[in-house]
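First up is the structure itself, then whatever we jot down about it.
The values are calculated or read from the model by the stated rules, or taken from the named source; none is laboratory data. All values derive from a computational prediction rather than experimental measurement. Positions of Cβ are generated from backbone atoms using ideal geometry, with glycine treated the same way; all protein chains shown enter the neighbour counts. Surface areas here come from the heavy atoms of the whole protein model, side chains and all, with no ligands, DNA or RNA. Shrake-Rupley method; radii C 1.70, N 1.55, O 1.52, S 1.80 Å.
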Amino acid sequence: MAFLKRYFLALSALAACGGGDGDDTGATGTTPTSTMTMASTAVDMTTTSGGESTTTTGGEPTTVEPTTAGTSTTMTVCSDGQEDCPCLPLATCFPGLMCVEGVCVGMEATSEPPPPMCGDGQPGPAEVCFKPFVPLGMGSGPISVAVADFNKDGNDDIACANNMTNNVTVRTGKGDGGFNALSALGVGMGPYAAAAPDLNNDGAPDLVTANITSNDVTVYLNNGAGMLAPAPAIPVGAQARHVVATDLNGDDLDDLVVANYMDNTLTILIGDGVGFPAPAGVGVGTGPTWVAVGDMNGDGSQDLVSANYGASSLSVSLGNGLGNFGPPTTSPAGGQIYAVAVADLNGDGDTDAVVTIPAAGQVFVLQGNGLGGFGGAIPYPCGADPIGLVLHDLTGDGAIDVIVANRGANTVSVLRGNGNGGFSAPEAFPVGAAPHVVAVGDFNKDGAVDLVTANNGDSTVSVLLADP
């Protein structure tokens, strides 16, 4: 208060001296009388040239008569802690403000948006978030799971191959993360893998299983309304262990490739929309357990990559775009591999591979050379006894991530990709007992990626809904 009083007295003296123009050489002029009434608390003072200014400050009005014509002057006297005023002791401010470089400012002016947090309902590129898994009974010994909209209602459904009961079971999705009652379809003996291709290009996903004991493929054709009707079984090689569906010859019909563990072959089934008239075989390394499809040499045609468990290698058979494949070239994989997935992991235009090594508890990353071969294997830990894997941009940052089912740890692990071919430490999420395969979907239609695992140890699937 004493400071404010001295300030007003000084200003009054300045006005009495003619307004002060900065020249102290003795300039003279007419000085009008100044009248000032001091209120008990002066907070704001305004002088306006050419007229009379009256300011109310919480006490009696203060009247300042004009002195000379000049520029108006406005001054605001701050109270510590108010907006645009000095901070209070300990760098504090009034509620809703924050101290920045000694001045209280509005938080909205300086605060960055809060970082994404799991459960805030806002998906962010840095998030890997899942709610606790929900178990669903699917039959005895589920070992593979596929995701598709079988009944064309816009909701993701799940189908599970059960190798203990020789059937495939389907639960249609409700679109809210829940699922409807179980339906079961008989298949060949020992179904070991399931896929959901569109074999006749009618826009409705069909269902196939590779059967390890009966050495064949079971086919169910979709009538377009979710009714799956059986078609004749297709003989393949010995111990059909994995099946993948894709268009190998550019006719817009999905074809099938089957990995046959015991006779070291891949069976190629080129579809014509009705059946598979001319099955063909390609020899690969010892004990193929998995097969993937991708363009490994950049010619625009689909090639085949098999994971050879017995040979600890990858075999690449280059395609000509017509459904024909050449003899394989072999690359060491760094250990006994079970599954393989392919994608361009570092943005160089060449297709790379990721494989699971169950005995090591690792995945190996092999950089493609653009000619159908690979460089050295780079190991990453993932969890005990990894089996199936998926490559998918789980975080939405544009980089491919690795998602692995760890049979020995009862978890799925996520290894975030950095877009340059490298991956983070694994982030593990509990699931049911002995997960064998993992697949992705969007089961509650929130736009975030959900996961589902086939758990051979407790005859369930685990549904992990994203928790953005």
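Within the range 255-268, track down each residue that is open to solvent by less than 40 Å² (accessible area, probe 1.4 Å) and either under 12 Å from Gly237 (Cβ atoms) or outside any strand (DSSP E or B) (or both).
Step one: of the range 255-268, the residues open to solvent by less than 40 Å² (accessible area, probe 1.4 Å) are 255-260, 265-268.
Once the filter is applied, which keeps residues that are open to solvent by less than 40 Å² (accessible area, probe 1.4 Å) and either under 12 Å from Gly237 (Cβ atoms) or outside any strand (DSSP E or B) (or both), the range 255-268 yields Val257, Val258, Ala259, Asn260, Thr265, Leu266, Thr267, Ile268.
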From the options Gly186, Gly154, residue that is more than 22 Å from Leu465 (Cβ to Cβ), open to solvent by 40 Å² or more (accessible area, probe 1.4 Å) and at pLDDT 95 or above: Gly186
Failed condition for Val305, given (1) within 21 Å of Ala341 (Cβ to Cβ); (2) open to solvent by 40 Å² or more (accessible area, probe 1.4 Å): (2)
Options Gly285, Gly271, Gly226, Gly310: the member that is in a loop (DSSP other than H, G, I, E, B) and open to solvent by 30 Å² or more (accessible area, probe 1.4 Å): Gly310
Subset tally (residues that are part of a loop (DSSP other than H, G, I, E, B), over 29 Å from the mean Cα position of the chain (by Cα) and closer than 20 Å to Val340 by Cβ) for the range 238-254: 1
Pick from the range 160-183, criterion part of a loop (DSSP other than H, G, I, E, B), in contact with a strand residue (DSSP E or B) (Cβ under 9 Å, 6 or more places away or on another chain) and small (Gly, Ala, Ser), ranking: surrounded by the fewest Cβ atoms within 10 Å (Cβ to Cβ): Ala181
Sole exception among (1) farther than 18 Å from Ala193 by Cα; (2) part of a strand (DSSP E or B); (3) open to solvent by 20 Å² or more (accessible area, probe 1.4 Å); (4) not polar (S, T, N, Q) for Gly419, by number: (2)
Evaluation of Gly349 against (1) within 22 Å of Leu415 (Cα to Cα); (2) of a type outside the set (Val, Ile, Thr); (3) open to solvent by less than 10 Å² (accessible area, probe 1.4 Å); (4) at pLDDT 95 or above (one fails), failing number: (3)
Subset tally (residues that are crowded, with 18+ Cβ neighbours inside 10 Å and over 22 Å from Asp467 (Cβ atoms)) for the range 371-388: 8
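Conditions tested, residue by residue: (1) modelled with pLDDT of 95 or more; (2) within 22 Å of Gly177 (Cα to Cα); (3) in contact with a Ser or Thr (Cβ under 7 Å, 6 or more places away or on another chain); (4) not in a loop (DSSP other than H, G, I, E, B).
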position	(1), (2), (3), (4)
Val404	yes, yes, yes, yes
Ala409	yes, no, no, no
Gly432	yes, yes, yes, no
Val438	yes, yes, yes, yes
Thr453	yes, yes, yes, yes
